[in-house]
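Worksheet for the structure shown next.
The values are calculated or read from the model by the stated rules, or taken from the named source; none is laboratory data. Just so we're clear, the structure is a prediction, and the values are computed from it rather than from any experiment. Ideal geometry is used to build each Cβ from the backbone, glycine not excepted, and the neighbour counts take in all protein chains shown. The accessibility values were calculated without ligands, DNA or RNA, using every heavy atom of the protein model including side chains. Shrake-Rupley method; radii C 1.70, N 1.55, O 1.52, S 1.80 Å.
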Amino acid sequence: MTGAELAALRRAAGLSQSDLARRAGCGRHAVSYWEGKRLLDRNAWAVKRMAEALGLPVFVAPIRARTGWGERLDAETEARAAAFAAQVQRWEAARAEMPARRRVRCGALTRKGASCRALSVPGKRRCKFHGGMSTGARTPEGIERIREAQRRRWARWLAEQGHPDKDQ
């Protein structure tokens, strides 16, 4: 594993160097140091701690026996690499879903003049009471009905205000 791969995994997990260092129990400079290396020493204390903090399989230095262990170790290494790639894909998928699930405070003005404190519909900016769930008119007849209601409401308001343009 290279330092660039470690940096990519850290970013995919949504962590800064400081966050990873805090979780691993080492300094930020240690994270920076290992991310700059061409090849990581899997037995290094900081690398093991960072791997644990990222939820990666534990790296064990392979000890090759004299008979038949080479193939088994190669298979284990391939399995670890596949698990590693699957974890990265899960992180990237979760990160891609975040904007669609985000819920913020609505903030629309209420009748009392205060800001609405309800959470928005996921992925939108307004709650279900202030436009989050509205679909609006879909047929030409429905659209025309809404336009006519708005014209009548506007004319009534102008008449109540004694506005000179009440004939519009």
Gyration tensor (Cα only) of the chain to equivalent ellipsoid, semi-axes in Å sorted down, yields 63, 20, 11
Provide the packing ranking of 115-123, 42-50, i.e. peptides ordered by the mean count of other C-beta atoms within 10 Å per residue, highest first.
-> 42-50, 115-123
Using θ = phi - 60° and the Karplus relation 6.51 cos²θ - 1.76 cosθ + 1.60, list the HN-Hα couplings for region 78-92 in order, rounded to whole Hz, with x at every Gly or Pro.
-> 5, 5, 5, 5, 5, 5, 4, 5, 5, 4, 5, 5, 4, 5, 5
Positive-pole candidate from 86, 27, 98, dipole of the chain, charges at beta carbon = 98
Lone cysteines, the chain (no partner Cβ under 4.7 Å) | 26
Would you work out the charge dipole size for the chain about its Cα centre, treating the Cβ of every Lys and Arg as +1 and the Cβ of every Asp and Glu as -1, and quote it to the nearest 20 debye?
-> 820
Accessible surface of the chain, 1.4 Å probe, proportion on carbon and sulfur as whole % | 52
Per residue, in Å², the accessible surface of the chain once ligands and nucleic acids are set aside, probe 1.4 Å = 75
Return the long-range amide H neighbours of residue 102 (sequence gap of 5 or more, or a different chain), with a cut-off of under 5 Å between placed amide H atoms.
-> 123
Two decimals is fine: what's Rg over Rh for region 76-161, C-alpha atoms, Kirkwood radius as Rh?
-> 1.35
Phi angles of region 27-34, converted by Karplus (6.51 cos²θ - 1.76 cosθ + 1.60, θ = phi - 60°) into ³J(HN,Hα) in whole Hz with x for Gly and Pro, give x, 5, 5, 5, 5, 4, 4, 6
Could you count how many Lys pairs in the chain have their Cα atoms under 29 Å apart, skipping same-chain pairs fewer than 8 positions apart?
-> 4
HN-Hα J couplings of region 5-13 from phi, Karplus 6.51/-1.76/1.60, θ = phi - 60°, integer Hz, Gly and Pro as x?
-> 5, 4, 5, 5, 5, 4, 5, 5, 7
